[in-house]
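A.B. asks: The structure under discussion is supplied below as C-alpha cells; questions concerning it will follow.
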Amino acid sequence: MIFIITKKIIDVAPNACAFSDWFDVAIVAKVKEFNHLIELRKNLVGIGFSGVEIRYMGGFFVLLKFENKEEANMFMMDKEVWSVWFHKMEIWMGQSLPYERVAWLKIYGVPLNLSMSSVFNAIGNKFGKVVKLVSPLEEEMDLSFACVGVLTKMVKKVDEVVVVRWQNKNIEAWVEEEHRDWVPDCLLEEVEDGESDNSLLVSEEEVNENMFTDVVNDDVQQVASENHVGNRSQMPENVPDS
C-alpha cells in the first residue's frame, strides 16, 4: 500500500504585501551575533536612536521602524556604526526574507563522562547552528541534561533522538524543544508596556527558570522557586557567547 502525503496549499495574490505603511520609514536587518540581538535596544539608545521601534522577525532578523524617512536614511548611511552589530540592512519595501528562528533545546541522555560543550554543540548543530550554550555544566546542580540555543530554518518544533557514538557504543540522546515562543530581551520593555498577552513568551533571562523546570501548575512552580532547584533560574542578564 502506498501512502501519499499532501500539504495544505493556499494561493496568495502576486501583488499582496503586508505592512506597506512602513515603506521607506522602516529598515530590515540581520544582526551578527546572539548578544547583538539581546542588547540591541541598549546599543540603539547609546548612539542616540532611543525612539526606534524594534520588531522581531525571527532568528537574527529585526525590523527597525523610525519616525520618518529622513531618520531611517540617516541611520542607513552611518554604516561605520551599524556594521558593528549588523551583517546588512535594507529599507523596507516589501521584500521577501528567508525564514529562520531561534530554538531552545533540552538534551537528555548524554552520560556524564561525555557531558562536554563539544558534544552538546555537535548535537545542537544537527538542527541548525548553536548560538548559545545556556550555562557551563560545572556550575549546574542538575547534570541530567544540557540546554542550547540553536539558529535554525526548521519550521516544526524539535522532538527527536540523536545517536552519539563512543567506543563502539551507540548512545541515544533525546532532544526536546521548549514549547513556548522565545523573544529577545530587547523587546521586553515594548511587550510589557503594550496590552498584548505575553504569557506564552519567554526571554533569555526566563529561559532557565521557565524552560528547564518542568511544572504542571502554579503551586508546583512556586515550590520549585522557593527551593531554588538547580541554579538555572539564576542566569545573569548578559551571558558571553559560548
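A.B. asks: Scan region 117-154 for residues that are within 20 Å of Glu172 (Cα to Cα) and in a helix (DSSP H, G or I) and jot them down.
C.D. replies: Of everything in region 117-154, those that are within 20 Å of Glu172 (Cα to Cα) and in a helix (DSSP H, G or I) turn out to be Ser117, Ser118, Val119, Phe120, Asn121, Ala122, Ile123, Gly124, Leu137.
A.B. asks: Suppose the filter is in contact (Cβ under 8 Å) with a residue 12 or more places away in the chain and either part of a strand (DSSP E or B) or more than 17 Å from Val183 (Cβ to Cβ) (or both); does Met93 pass it?
C.D. replies: yes
A.B. asks: So for region 109-130 (the condition being surrounded by 12 or more Cβ atoms within 10 Å (Cβ to Cβ), under 20 Å from Gly58 (Cα atoms) and touching a Lys or Arg at 6+ places or on another chain (Cβ under 9 Å)), does at least one residue qualify?
C.D. replies: yes
A.B. asks: Moving to a separate point now. Would region 100-116 turn up any residue that is within 30 Å of Asp24 (Cβ to Cβ), part of a strand (DSSP E or B) and either touching a residue at least 24 places away in the same chain (Cβ under 8 Å) or not aliphatic (A, V, I, L, M) (or both)?
C.D. replies: Looking for residues that are within 30 Å of Asp24 (Cβ to Cβ), part of a strand (DSSP E or B) and either touching a residue at least 24 places away in the same chain (Cβ under 8 Å) or not aliphatic (A, V, I, L, M) (or both), one finds at least one in region 100-116, hence yes.
Residue by residue, here is whether (1) under 23 Å from the mean Cα position of the chain (by Cα); (2) outside any loop (DSSP other than H, G, I, E, B); (3) under 27 Å from Gly149 (Cβ atoms); (4) free of Cβ contacts under 8 Å to residues at least 60 places away in the same chain holds:
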{"position": "Asp11", "(1), (2), (3), (4)": "no, no, no, yes"}
{"position": "Asn35", "(1), (2), (3), (4)": "yes, yes, yes, no"}
{"position": "Tyr56", "(1), (2), (3), (4)": "yes, yes, yes, no"}
{"position": "Asn73", "(1), (2), (3), (4)": "no, yes, no, yes"}
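A.B. asks: Name every residue in region 13-33 that is surrounded by 10 or more Cβ atoms within 10 Å (Cβ to Cβ) and not in a strand (DSSP E or B), in order of residue number.
C.D. replies: Correct list: Cys17, Phe19, Ser20, Trp22, Phe23, Asp24, Val25, Lys32, Glu33.
A.B. asks: Still on this structure, I have one more. Can you say whether Val150 is touching a Cys at 6+ places or on another chain (Cβ under 6 Å), crowded, with 19+ Cβ neighbours inside 10 Å and closer than 23 Å to Gly58 by Cα, as far as the supplied structure shows?
C.D. replies: no
The numbers here are math on the coordinates, done by the rules we state, and not lab data. Since we're looking at a predicted model, the values are computed, not measured. Reconstructed Cβ throughout: ideal geometry from the backbone, glycine too, with neighbour counts over all protein chains shown.
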